[in-house]
Each structure stands twice: as C-alpha cells, then as structure tokens.
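Remarks on the structure that follows.
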Amino acid sequence: MTSLTVTTKTSADLPVDALVVGSVHTDAGADLAAGHGLPRKAVVHLQAVLADLEATGRAEEVHRVVAVPGVKATSVLVTGLGEGTTRRTSFEHTALRDAAAVALRAVRGKKTVALALPTPDAESAGAVADGAWAGTYVYDKAAPLAAVRKGRGPAAKPASPGPKVTVVSGAGQGKAVKDAVARSAIVGAARDWARDLVNTPPNLLFPQSFAENVKKRVAGSPAKVTVSVLDEKALLKGGFGGISGVGQGSVHPPRIVTMSYAPSGAKGSVALVGKGITFDSGGLNLKPSSGMVTMKSDMAGAAAVAATVLAAAELGLPVAVTGYLCLAENMPSGTAQRPSDVVVMRDGTSVEILDTDAEGRMVLGDGICLAGEKNPDWIVDIATLTGAQMIALGDDIAGVMGNDDAFRSRVVAAADAAGEGAWAMPLPKALRAKLDTPTADIAHKGDRAGGMLTAGLFLQEFVGEGTPWAHIDIAGPSFNEKGPRGRNPKGGTGFGVATLVALVEGHRPKG
C-alpha cells in the first residue's frame, strides 16, 4: 500500500527515485512553478530542457529529466499545473490534485517519490497528497484471478507494494499539515477500495460476495464499524418489495447491508444510501450488448457509501454515520420482474413497474425508507441512476437534486471542496404528474424528457417529511471508459467518496 509522509527538507537533498516539481504555462512556454526548492543550476538545466522539448506547462503534461545537477533524486518529473507565472504560489486544489496524480502515474513502479509542488497552506498540501495517492492506484487482479482459477494453472503475480510518497510542504509540518496529509491517506485508501469493488468482475462480485467483502474489510480496519445483512428472506418478510422485485430474476438473491459507525458523544446522525446493482442486464427490458459492457459498475453508489462509512470511522469524525448498501443483480429469467408488475415498497407505497431497466430507483426507494426509520439529521443517496444525467451534464459532473435547497447547496459545496464536479438540478413539481398511474400509487418512471429529474421525484416520495435529503446521480463520473486522466484511472473512479466524507465532516446537527 502507498504510504504518505510530509517533510520540510530541501527537495534537492531528498535521495528519492523521483522528485516531482510543477510547471506553468506562460506566453513563452513552460516555466517552473514556485515551491520547487531547487538550486539555481538545477533550475537553469530544467528550463533549458523544457525549452528544447517545447513543453507547454499545461495540465496532463509531464516530462522526466535524469541527471539534474544539484539534485540527489535519480530523476525529476515536471508536471503541468496550467496557466500561471513563476511567482504564483497558490493554485486551485483541483490543479494540484491532477498534476500530482499524473506525475505519480508516470513513475509507477518507483519505490520512493517526493513532490515539491506549491503548498502555501495545509489545504494545498492535502490536495497534493490526495492527488499523489490517487495516481498510485492500480487494480490488483491477483485475488480475483485466483478465485477464477481455483487451482488451475499458475497463480497470478501479486501486485507490487505502493511507493513511499513524501510531500514537501511549503507550509511547515505543523499539526494542520500533518493532519491534512494523514486525512488524504485515509480517504485515498477508502476510495481505492471503492475503485476495486467497481472493477471486480461481476461473476465474482454479486450481492452476497459484496456483503462478505464489506465484512472482511471492516474486520481488517481499526475503526469500530458494525455490519448487518438482510438476506432475501428477511427482505421479503420486511416488506422490501422494490429490491426484492429487482433481484427475483437472478440466482444471486438481493441483500441490504447496513454499516454503522456510532462514536460516543456523536454530534448528530446521518444516513447514506447507495445503489448496488452488481450487474445490470436490464432485466426483461434487456439492454443492447454494447450497453452491458460497463454494467459491473452499476454498484458504484454502494461502493462509495461503504468506503465513506469506513473513512468516517477511521478519521474518527464526531458524527454517527449509517450506510445502506442496496445490493441486487438485475437479470432476465422465468422468475424475473415484468413490465406492468405492481410491487409494494417498505413504506407501503405501491409502484407500477414500467421498465425493468429502471431498477436502481426501486432498490434505493426501499433503502431510503429504511434509512428514514432511524430519523437521521439528513439522508443522501448516491447512484449510477440515469443515462439522462450524462446527456445533461457529461461524463465528469454529477447531478444533485434534493427536497431542501440549502441542503442541496451544501452537497454541491462539499463536492467542490473535494474536487469532484457536481451541479445542482431542480425537481419541478409539474413533472410529478408523469409518474401518475391508475394501477398503483405511483409509476416508477416517466417519459424520456427530464428523465434524471423524474427519477429524483420518484425517490423523493420515500423521504419522510421534514428530513433533508439529496440525491446524487453519478452515472457519468463513476466509471472512466477512456484512458487515465487527472486523478482518475481507467475504470472505476471512486467518485463520491471524497464528496461524502467532506459532507459528513461539515455536518451541522438539527437545531
């Protein structure tokens, strides 16, 4: 596993495999950003190399230079921070995170790396540490392959241990800086777990194995988190018609996993609900083959919730956090749910099913009902819910809806602070009529127009009166089908973990 430390030593004196410094884009091309701490002869040498390479200093650019005079590091990596000047000492945290991640990805396999990027304050040091950790991520396929092989043929090679990463701090190494870097390590490790869950093949990650994975991870953590599981029998007995109906077509029955962190003297309690469709075929409304390729990622919301609860506990936050992982596999079979079926949710609401490929809102509806029974200060659900989210906001920005404008704004602000893109979206009352049906209390889907919003309106039906609630649609940013970019690897991104942790950290109890 990656390790993170902080130092105020001169960067040129660090005997590491790679030293990372920043560059900025100027009218004359790339130049070194402030904060590098290098001697004059090293600066002159690097400036000459950057000029010869016609470097730009823009984001995503990284150049590796060996044998830099006056530097003990084996090589120096110059990573682009974007627009700026050599005198600029403060950069947006997003730029720092992405530049650090791009650099660490470029020296994957090195044992020791130091980063001397502009860090005028503790928050900047934390951002650099966060990006560096994100850039070291590699999906470890050894364990899943071992499960597939089951003794047939040679074992997969284990992944190499992560590097030792040192952040060179321009803000000293007092408690605030050390805490910021330590926080980045905890959140980074939790996000890596979420990424691993999303990337695991769907024949190995199904509701029961997901639950077992959670138990194993919690058992290996020093944090005090309790885990309970409702199996298919308990779900039927408990009136969870939404998730039971979605999972009834699969040989892998559904589960609701509850993760609870309850510190003594907690200042309030909050609830997180995650969509956990471990594979989404579309059910009887079968997806086209191209639409199924990434559907192992349809449980990214549940992965984000699981990782957030664990991170909150390991950070020792003074807030009780309960996560509800709504796990099901949506498959076609003779027992599968049909369009026109009517089911009864946990709170007694009857729902007409119009499209079995709109299953996520059904499992979330039951989860929101369960969460509300504990009367939390607020509820947030997070889900890869609608293709409409990607049409409206693209691949990188989540849509945030809610029943309370002030609370919705807090969620968006938490995303901004965490460096995860989010945009507030409305829940127009006029669209509620699209969910009317003569055969049940509500239909679970409207027409194509405003699909992201009507999905949010449906979920709102299951939120208790007076409870602030927000819905985060992460259909786009949860999974990166393209090449690595910024702090995001290819595959599962772990989107939402940093946002939810920041939201819990900033929690204000009722009253």
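Each value in this text was obtained by applying a stated rule to the coordinates, not by laboratory testing. These numbers were taken from a predicted model, which means no experiment stands behind them. Ideal geometry is used to build each Cβ from the backbone, glycine not excepted, and the neighbour counts take in all protein chains shown.
List of remarks:
- Under 16 Å from the Cα of Lys267 - lysines, other chains or at least 8 residues apart: Lys374, Lys510
- ³J(HN,Hα), Karplus 6.51/-1.76/1.60, whole Hz, each residue of segment 284-293, x for Gly, Pro: 5, 7, 4, 6, x, 4, 5, x, 9, 4
- Low-density loop positions, trypsin sites (Lys or Arg not before Pro), segment 18-76 - DSSP coil, at most 14 other Cβ in 10 Å: Arg58, Lys72
- Restricting segment 444-511 to trypsin sites (Lys or Arg not before Pro) that sit in a DSSP loop and have at most 16 other Cβ atoms within 10 Å of their own Cβ leaves Arg448, Lys482, Lys490, Lys510.
- Share antiparallel - DSSP beta bridges, the chain, percent rounded to 5: 40
- J(HN,Hα) series, segment 247-256, from Karplus relation 6.51 cos²θ - 1.76 cosθ + 1.60, nearest Hz, glycine and proline x: x, 6, x, 9, 6, 9, x, x, 9, 10
- Computed from the alpha carbon atoms alone, the convex hull of the chain holds 158 Å³ per residue.
- Positive-end residue of Thr356, Val380, His63, charge dipole of the chain with Cβ unit charges: His63
- Residue order, fewest to most beta carbons within 10 Å, for Cys326, Cys369: Cys369, Cys326
- Cα centre as origin, Lys/Arg/Asp/Glu Cβ charges: the chain dipole, Debye: 1720
- Gyration tensor over the Cα atoms of segment 224-364: the corresponding equivalent ellipsoid has semi-axes (square roots of 5 times the eigenvalues, largest first) of 30, 17, 11 Å.
- Exposure proxy ranking for Ile277, Ile256, based on other Cβ atoms within 10 angstrom of each Cβ and starting from the fewest, stands as Ile256, Ile277.
- Residues whose amide H comes within less than 5 Å of that of Gly492, counting only those at least five positions distant or on another chain, are Asn199, Asn480 (H built at 1.01 Å from N in the peptide plane).
- Under-5 Å amide H pairs with Val20, H placed in peptide plane, nonlocal only: Leu77, Ala114, Leu115, Ala116
- Among Ser23, Pro438, Gln460 the positive-end extreme of the charge dipole of the chain (Cβ point charges): Ser23
- Segment 3-170 - Rg and Dmax from Cα coordinates, angstrom: 17.2, 60
- Straight-line cross-link reach from Lys111 at under 23 Å between alpha-carbon atoms covers these lysines, not counting any fewer than eight positions away in the same chain: Lys9, Lys72, Lys141, Lys157, Lys164, Lys178, Lys490.
- About its Cα centre, the dipole of segment 1-157 is roughly 1020 debye, where the only charges are +1 on Lys and Arg Cβ and -1 on Asp and Glu Cβ.
- Taking a ≥ b ≥ c as the square roots of the eigenvalues of the alpha-carbon gyration tensor, segment 364-511 is classed oblate because a/c is 1.5 or more while a/b is no larger than b/c.
- Of Pro39, Ser90, Thr5, farthest towards positive along the dipole that unit charges on Lys, Arg, Asp, Glu beta carbons give segment 1-108: Thr5
- Across segment 206-220, rounded Karplus estimates of 3J(HN,Hα) from the backbone phi angles (6.51 cos²θ - 1.76 cosθ + 1.60, θ = phi - 60°) give 9, x, 5, 5, 4, 4, 5, 4, 4, 4, 5, 5, 5, 4, x Hz, Gly and Pro being marked x.
- Sequence-distant residues sharing a close amide H with Arg88 (under 5 Å, placed H): Ala34
- Rel. contact order, % - alpha carbon contacts under 8 angstrom, at least six apart, the chain: 14
- Rounded to the nearest 20, the Cβ-based charge dipole of segment 374-448 about its Cα centre (Lys and Arg +1, Asp and Glu -1) stands at 280 debye.
- Reachable aspartates and glutamates, given that their alpha-carbon falls under 14 Å from the alpha-carbon of Lys110 and they are not under 8 places away in the same chain: Asp17
- Its DSSP H runs of at least 4 residues, each contributing -39,500 (n - 2.57), put the calculated 222 nm mean residue ellipticity of the chain at -10500 deg cm²/dmol, to the nearest 500.
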